[in-house]
Amino acid sequence: SVDMAGFKFCYVDFKKGTDVNDVFQYYEFKMKALQLKYPNLQIVHFTVPLRSLQKGPKGFINKILGREIGVTDNAVRQKFNDLLLNEFKGQLVFDIAQFESTFPDGSRCFTTVAGEKIYSMVPAYTYDSGHLSEKGKYIVSAHLFTFLADQSNAGNH
């Protein structure tokens, strides 16, 4: 017997060229079918993790030359996350992307493109621009444990 289950994509699942609407429709269909099959199961939805932007001399040169430094891929991830957050509002959603892009002072790490904020992972939370560093692991896992504890305390187990 399982009380709670979730599914999490990886940042590599979403990049420039990904048909976000198609992926989201399939995800939504599968999650709703799962809920119908197992009505007592609590499904946790996870936003897609982000990456930090390319930094250093190479990132600076690429930015000057108008080359991709990670903003476009994060915009694709953010589009999926927006769909997920809107569709499953009021349900169990753990917003990994929010925690990865929030500095300790509460401000967010972002770049503005055509007037839209595109969030990215705080550089200190990663050792390779995509995987969590020890600090990043601590921050995201602490939020996850709190999220799960809140569900248990609310009787959602």
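The values are calculated or read from the model by the stated rules, or taken from the named source; none is laboratory data. Everything numeric in this text was worked out from a predicted model, so none of it was measured. Because the Cβ atoms are built from the backbone with ideal geometry, glycine has one as well, and the counts that use them run over all protein chains shown. The protein model used for the area step is the full one, side chains on, heavy atoms only, and it has no ligands, DNA or RNA in it. Shrake-Rupley method; radii C 1.70, N 1.55, O 1.52, S 1.80 Å.
Please find, within region 74-83, the residue that is farthest from Gly17 (Cα to Cα) out of those that are open to solvent by less than 40 Å² (accessible area, probe 1.4 Å) and in contact (Cβ under 8 Å) with a residue 60 or more places away in the chain.
In the first step, residues of region 74-83 are kept if they are open to solvent by less than 40 Å² (accessible area, probe 1.4 Å); the result is 74-78, 80-81.
After this cut, where a residue has to be in contact (Cβ under 8 Å) with a residue 60 or more places away in the chain as well, the list is 76-77, 80.
Working: Val76: 8, Arg77: 11, Phe80: 13 Å.
Going through the qualifying residues, I end up with Phe80.
Inside region 96-121, can you point out the residues that are in contact with a helix residue (DSSP H, G or I) (Cβ under 7 Å, 6 or more places away or on another chain), in a loop (DSSP other than H, G, I, E, B) and of a type outside the set (Ser, Thr, Tyr)?
Going residue by residue through region 96-121, those that are in contact with a helix residue (DSSP H, G or I) (Cβ under 7 Å, 6 or more places away or on another chain) are 96-97, 99-100, 111, 113, 118-121.
Retained after the next criterion (residues that are in a loop (DSSP other than H, G, I, E, B)): 120-121.
Scanning region 96-121 gives a single hit, Met121.
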Within region 9-36, residues within 16 Å of Leu85 (Cα to Cα) and within 14 Å of the chain's Cα centre (by Cα) come out as Phe9, Val20, Phe24
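So which helices (runs of 4 or more DSSP H) stay within region 1-93 end to end and still have 3 or more residues that are of a type in the set (A, V, I, L, M, F, W, C) and at pLDDT below 95?
The helices (runs of 4 or more DSSP H) meeting that bar are 56-64.
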